[in-house]
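Below is one structure, written out as structure tokens; the observations come after it.
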Number of protein chains: 2
Amino acid sequence: MTGSIPSGPRGEFEWIDRLVELLGPAANVPGGGVAIGDDVAIVAGPGGETWAWTVDTLVEGVHFRFDWLEPEDVGHRALAASLSDLAAACAEPVGALVTVAGPRETAEAFLEDIYRGIAALAGEAGCPIVGGDLARAAGPLHLGVTALGRCPSGAPPGRGGAKPGDGVWVTGRLGAPAAALALLAAAGDPRSLAAARAHPAVRRLARPTPRLAEVAWLAARSALHAMIDVSDGVSSDAAHVARRSGARIVLDVDRIPVHPAAEDAAARLGSVARDWALHGGEEFELLLAVPAGAIEPYVEAFEARFGIPLTRIGFVEAGRGLVRRDGRRETPLPPGGWDHFRVARPEPSP
Amino acid sequence: MTGSIPSGPRGEFEWIDRLVELLGPAANVPGGGVAIGDDVAIVAGPGGETWAWTVDTLVEGVHFRFDWLEPEDVGHRALAASLSDLAAACAEPVGALVTVAGPRETAEAFLEDIYRGIAALAGEAGCPIVGGDLARAAGPLHLGVTALGRCPSGAPPGRGGAKPGDGVWVTGRLGAPAAALALLAAAGDPRSLAAARAHPAVRRLARPTPRLAEVAWLAARSALHAMIDVSDGVSSDAAHVARRSGARIVLDVDRIPVHPAAEDAAARLGSVARDWALHGGEEFELLLAVPAGAIEPYVEAFEARFGIPLTRIGFVEAGRGLVRRDGRRETPLPPGGWDHFRVARPEPSP
């Protein structure tokens, strides 16, 4: 179960814990593991197969804005978010269902293009769209995707398997999605908004690549102790892994690979690109904990094959929590509190 | 794929057809049937099994109102809607995921009780809740359920298999949900609203029973050529079956069993209960097309076992469309245009 109703007296994890408690025995899968608390549910299929199942909802004004992204991008991102959850579960897509709820005007203006974006990524990722649901509703458009995947290696590592001594790795270069949102938010008039929309950071935000092929390649070569996709930011997602694994993660912040588009945006805005790379969400890159030495031999081949870096950014040790190491100094690293599109908040912060 | 964005230049089916067209090859399941257009997708599951997969979204103000139903009822109905889709696919529940998107205030006021309602039905129906997603959003609460089920007899009949000569049957007594909505809408002050909420028709609306056990029992005894759950009303849902089967369905309207709570409400409101039974949605009873004579021998045992009637309300013949027969007269029967809770419409009708 994933979530963000972060404001107010009860935070996200308190909500999830409370709801799981209310579900009680209804939150158990007969004959299978229960992944409530993670981004995917694990379903034990007959014949010993393991399937991963996820659902994500993107809400207009919270997770996307039509003045910031093309509707094709919105569709792409909705499917990509669920496929990224499957990737983090080492799963191969079986199919997806799409739900749309919103006003007629929004549907007429954007729905066909949203589906074009979904269809294009579905084709690339080999994930057929096998159904869905349309509902009329006042208010913002809600776009939901539920996806099923097969886990060829059985139950996936999840977030809870990191062990002291593991290396902590990340795919790709980070920071561009947060940079994109900063550029878009800073654009004060239509002309500067158009310029912002053309920036490479915004193109990176608009079209994340779920790392399905990458994870299959890695899983064939190394044990993967823990895995999560970076949707809330490295600082938040690494903290999830540390918390669920009952271990301490030390991040060498200087090693986090920063996307060049984020560097460019930071220069324009007078910001620090590394902060975006550390705390920014919407990346859909993978954060992995793997045994020391296990994937070092394959880094070069990975980078040649997929055209993105694979970088060790820290390690796991005994203890609790998440710390950053700068040189010889270690300091606690609070989660960045990633808040999606940081657009007009639907509720006042207390 | 199910849907209702019915207003405006493009109707529900035009929308679905257009979106399926846009999905193109992405709307194909390798190795499995494609159920896009029906309430469930059929997925070729592990070990050669057939799985049914559905998703439904209930939106505050469109599919429920917190001043009309208890939050536990809202949770019950959200899960019941998806389980009813599984029942119509002869599927046994494997599990469900729940998504909630809405404002913090709504979550704090109602979410725990919504989950209590979900958990209670999940326990009764043997459908574990294995995860979900929470999102903060302005506007009405959106409550989504996606459910998976196993089809022990392989690919389900769907809507398209009705054959000339088949009998058309329905489970249960109809009309109470529409009667309930009429009672609630007619209540002008808090006191009469409280009285309406206590009416048996509203209790029936609040707690529909997905006919999972009933359909398993019937499937073990008879071929089932076509099946649909009555969510849009008998007139609409029978029309779906006729359309998808390329056949004509003749309904003997006088045979439709009317719920006593609907009769009572009709007497109070000066309405015609049979119209509610014919056109009212939210029933979650099953409409079946079965070979002539196939289930007649089991009707008595069915009614004794499940405590609800099983009634032949018409038959299938060669041709197209849906007609009602009153005595010897046959007249075309247009779909009732069921519009969920008929509450303040989020969009003006054109």
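General remarks:
- Condition check for B:Ser236: at pLDDT below 95, under 19 Å from B:Ala147 (Cβ atoms) and not in a strand (DSSP E or B): no
- Look at the stretch A:234-262: where a residue is farther than 22 Å from A:Arg328 by Cα and a partner is among the charged types (D, E, K, R) and part of a helix (DSSP H, G or I), sitting 6+ places away or on another chain with Cβ atoms under 9 Å, you get A:His259/A:Arg204; A:Ala261/A:Arg203; A:Ala261/A:Arg204; A:Ala262/A:Arg204; A:Ala262/A:Arg274.
- Of everything listed in (1) of a type in the set (Val, Ile, Thr); (2) in contact with a strand residue (DSSP E or B) (Cβ under 7 Å, 6 or more places away or on another chain); (3) closer than 24 Å to A:Ile308 by Cβ, the single unmet condition for A:Thr146 is (3).
- Residues that are of a type in the set (Lys, Arg), at negative phi and part of a helix (DSSP H, G or I) occur in the stretch A:192-200; there is at least one.
- Residue within the stretch B:281-300 that is in a strand (DSSP E or B), surrounded by fewer than 18 Cβ atoms within 10 Å (Cβ to Cβ) and outside the structural domain of B:Leu69 (by TED's automatic domain parsing) present: no
- Hey, B:Leu97 buried (at least 24 other Cβ atoms within 10 Å of the Cβ), in contact with a Gly (Cβ under 9 Å, 6 or more places away or on another chain) and more than 7 Å from chain A (Cβ to nearest Cβ) or not: no
- Filtering the stretch B:244-252 for residues that are over 30 Å from B:Ser192 (Cα atoms) and touching a Leu at 6+ places or on another chain (Cβ under 6 Å) leaves a non-empty set.
- Of the residues contained in the stretch B:81-91, none is found to be in a helix (DSSP H, G or I), at the interface with another protein chain (Cβ under 7 Å from one of its Cβ atoms) and crowded, with 24+ Cβ neighbours inside 10 Å.
- The numbered conditions (1) more than 19 Å from the chain's Cα centre (by Cα); (2) surrounded by 20 or more Cβ atoms within 10 Å (Cβ to Cβ); (3) in a loop (DSSP other than H, G, I, E, B) are all true for A:Ser222 except (2).
- Candidates in the stretch A:141-157 are the residues that are surrounded by 24 or more Cβ atoms within 10 Å (Cβ to Cβ) and of a type outside the set (A, V, I, L, M); of these, the one that is farthest from the other protein chains (Cβ to nearest Cβ) is A:Pro156.
- Scanning the stretch A:59-80 for residues that are in a strand (DSSP E or B) and either within 16 Å of A:Ala213 (Cβ to Cβ) or touching a helix residue (DSSP H, G or I) at 6+ places or on another chain (Cβ under 7 Å) (or both) yields a total of 1.
- Hits in the stretch A:120-132 (condition: crowded, with 24+ Cβ neighbours inside 10 Å and within 7 Å of chain B (Cβ to nearest Cβ)): A:Ala122, A:Pro128, A:Ile129, A:Val130, A:Gly131, A:Gly132
- Screening B:Ala125, B:Ala137, B:Ala201 for residues that are closer than 19 Å to B:Ala52 by Cβ and in contact with a Pro (Cβ under 9 Å, 6 or more places away or on another chain) leaves exactly one candidate, B:Ala125.
- Matching residues, the stretch B:160-176, being assigned to a loop (DSSP other than H, G, I, E, B) and surrounded by fewer than 24 Cβ atoms within 10 Å (Cβ to Cβ): B:Gly160, B:Gly161, B:Lys163, B:Pro164, B:Gly165, B:Gly172, B:Arg173
The values are calculated or read from the model by the stated rules, or taken from the named source; none is laboratory data. Bear in mind the structure is a predicted one, so any value in this text is a computation, not a measurement. Note that each Cβ is placed from the backbone with ideal geometry, even for glycine, and that neighbours are counted across all protein chains shown.
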